[in-house]
Amino acid sequence: MVSSTTRQTATDLDVAAIRADFPVLNQEVRPGAERLSFLDSAASSQKPASVIETLDDYYRRYNANIHRGVYQLSEEATQRYEAARHLVADFINAPSARECIFVRNTTEAINLVAHSWGRRNVNAGDVVVLTVMEHHSNLVPWQLLAEEQGAELAFVRMTPEGRLDLDHLDTLLTREPKLVAFSHVSNALGTIHDAVEITRRAKVAGATVLIDGAQSVPHLPVDVQSLGCDFLAFSGHKMLGPMGSGVLWGRRELLEAMPPFMGGGSMIRKVELSGSTWADVPAKFEAGTPAVGDAIGLGAAVEYLSELGMDRVQAHEHGLAGYAFARLGEVPELTIHGPKMTEGRAAVFSFSLGDVHPHDVAAILDSENIAVRAGHHCCQPLMRELGDVATTRASFYVYNDHDDINRLVAGLGRVRQIFGSA
Ligand code: C6P
């Protein structure tokens, strides 16, 4: 829940009040140092007090396994776990909460689909269409599947501007792929893809569509019914929720037809020594004891974001992206990768600073309490497309403001001084 002091105007987020809700942002990381500018939310977001307190409350007051006990603690844990599922379903406008499966993260969600749906539906000679911009989590599971089944992967090209080449998508769709899987928002370039249009074209070609929503669900309103996709995978820890929380949404008829991903407790209807039958969805895909507290914590994160309003979250980040563009543009020798405009791009900036190694950039910024990510961002093929091995990346969220961007720009000035380019 957003704290009572977090008052939002009709359009703008009150960032000072939001920051006050995040204990990590209010500590002294280095004695006497300036505030922490956390610019790595694309990797994992910080957590508001309401989420931390929800976890604390679960472990202190009603920690118990779910769907098993007939005692009060277990009943409360079960009720709250299922309530969290409903919160998540409403958040993405899923037709039914039963279509939302709790997993650990986006990676697990995609692997679930690759193993379960993939092995049933992708056969020798079939084509699976991905894009060259995918995170390894939406690439490696399909490589494994293709190798096992004798299928072929084809990749939508990128334009020089860092967008997907939809004409090339059309060409690949003439091969009637079984699946089209793509990320809604690129974690490395910040490009927001036209997921509705890509899905529409893929469906016309008869493909099943999986959207990797790891970088979209936390930052913009996402509605699975308007997207028209078949699967949506996302991570709770990138949207203010606990580590180890994530969701796979799938169309009910697909989930019902799919075999289990893992076998064990909770996912069965009847077990005989000679064989077993499966529980209904979502239990069929939640084998073993789930991360009960984390799922309930994700529900609290969804409540927090819903109270802020995802339209306003998106507008806030759009404003930050515009400001970051302008300010980063003032830094000599800085090249921003990806779209060179704020339209159709998220508040994620990958950049190179002359020939200073991204790890050096990140280390100097860290000495000033500015946390950014440096590396290949789990997108090695994309980095090769950029002709680089690594970039520095600053990504923004609800608790960031212009001051964070000003500090980043000043910090980059210091990097240039240290490396003798200023
Ligand atoms: N990207 C980043 O710093 P997991 O790790 O399973 O929660 O999320 C995987 C994943 C899948 N798709 C996209 C588009 C992603 O951005 C990520 C996670 C982080 O960019 C960690 S590498």
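The values are calculated or read from the model by the stated rules, or taken from the named source; none is laboratory data. Since this is a predicted model, take the numbers as computed values, not measurements. Glycine also receives a Cβ, built like all others from the backbone with ideal geometry; neighbour counts cover every protein chain displayed.
Descriptive notes on the structure:
- Taking first residues from region 229-255 that are closer than 16 Å to Asn138 by Cα and partners that are within 12 Å of the ligand (Cβ to nearest atom) and aromatic (Phe, Trp, Tyr), the Cβ contacts under 7 Å between residues at least 6 apart in sequence or on separate chains come to Gly246/Phe234; Val247/Phe234.
- Taking the numbered list (1) at pLDDT 95 or above; (2) out of contact with any His (no Cβ under 6 Å at 6 or more places or on another chain); (3) farther than 30 Å from Cys378 by Cα in turn, Leu39 passes all entries but (3).
- So Gly288, is it away from the ligand (no atom under 13 Å from the Cβ), farther than 21 Å from Ala97 by Cβ and in a loop (DSSP other than H, G, I, E, B): no
- Some residue of region 334-351 being within 13 Å of the ligand (Cβ to nearest atom), at pLDDT 95 or above and among the polar types (S, T, N, Q): yes
- A single entry from Val398, Val389 fulfils the requirement of being under 23 Å from the mean Cα position of the chain (by Cα), within 16 Å of the ligand (Cβ to nearest atom) and in contact (Cβ under 8 Å) with a residue 12 or more places away in the chain: Val389.
- Check on Val122, within 16 Å of the ligand (Cβ to nearest atom), among the hydrophobic types (A, V, I, L, M, F, W, C) and within 30 Å of Gly263 (Cβ to Cβ): no
- The number of residues in region 71-110 being crowded, with 21+ Cβ neighbours inside 10 Å, part of a helix (DSSP H, G or I) and among the polar types (S, T, N, Q) comes to 2.
- Which listed residue is closer than 23 Å to Lys238 by Cα, assigned to a strand (DSSP E or B), modelled with pLDDT of 95 or more and hydrophobic (A, V, I, L, M, F, W, C), from Ala315, Ala394, Ala321, Ala362: Ala394
- Of the residues making up region 217-259, those that are more than 16 Å from the ligand (Cβ to nearest atom) and either surrounded by 23 or more Cβ atoms within 10 Å (Cβ to Cβ) or among the hydrophobic types (A, V, I, L, M, F, W, C) (or both) are Val224, Asp230, Gly250, Leu254, Leu255, Ala257, Met258.
- Residue within region 228-239 that is among the hydroxyl-bearing types (Ser, Thr, Tyr) and more than 13 Å from the chain's Cα centre (by Cα) present: no
- Lone qualifier among Ala300, Ala295 - being crowded, with 18+ Cβ neighbours inside 10 Å, out of contact with any Lys or Arg (no Cβ under 8 Å at 6 or more places or on another chain), part of a helix (DSSP H, G or I) and touching a residue at least 12 places away in the same chain (Cβ under 8 Å): Ala300
- Of the residues making up region 335-346, not a single one is touching a helix residue (DSSP H, G or I) at 6+ places or on another chain (Cβ under 7 Å), over 24 Å from Leu164 (Cβ atoms) and crowded, with 17+ Cβ neighbours inside 10 Å.
- Among the residues of region 365-377, those that are assigned to a strand (DSSP E or B) and among the small types (Gly, Ala, Ser) comprise Ala371, Ala374, Gly375.
- Pairs, first within 9 Å of the ligand (Cβ to nearest atom) in region 98-112, second β-branched (Val, Ile, Thr), C-beta under 6 Å, six or more apart: Ala109/Val103
- Residues of region 174-201 that are of a type in the set (D, E, K, R) and under 18 Å from the mean Cα position of the chain (by Cα): Asp194 alone.
- When region 352-384 is limited to residues that are among the charged types (D, E, K, R) and buried (at least 16 other Cβ atoms within 10 Å of the Cβ), the one that is farthest from the ligand (Cβ to nearest atom) turns out to be Glu368.
- Subset of region 123-152 [out of contact with any strand residue (DSSP E or B) (no Cβ under 8 Å at 6 or more places or on another chain) and charged (D, E, K, R)]: Glu147, Glu148
- The residues of region 199-211 that are in contact with a strand residue (DSSP E or B) (Cβ under 6 Å, 6 or more places away or on another chain) and either free of Cβ contacts under 8 Å to residues at least 60 places away in the same chain or within 16 Å of the ligand (Cβ to nearest atom) (or both), listed by number, are Thr199, Val209, Leu210, Ile211.
- Matching entry among Ala181, Ala188, Ala214 (being more than 10 Å from the ligand (Cβ to nearest atom) and crowded, with 23+ Cβ neighbours inside 10 Å): Ala181
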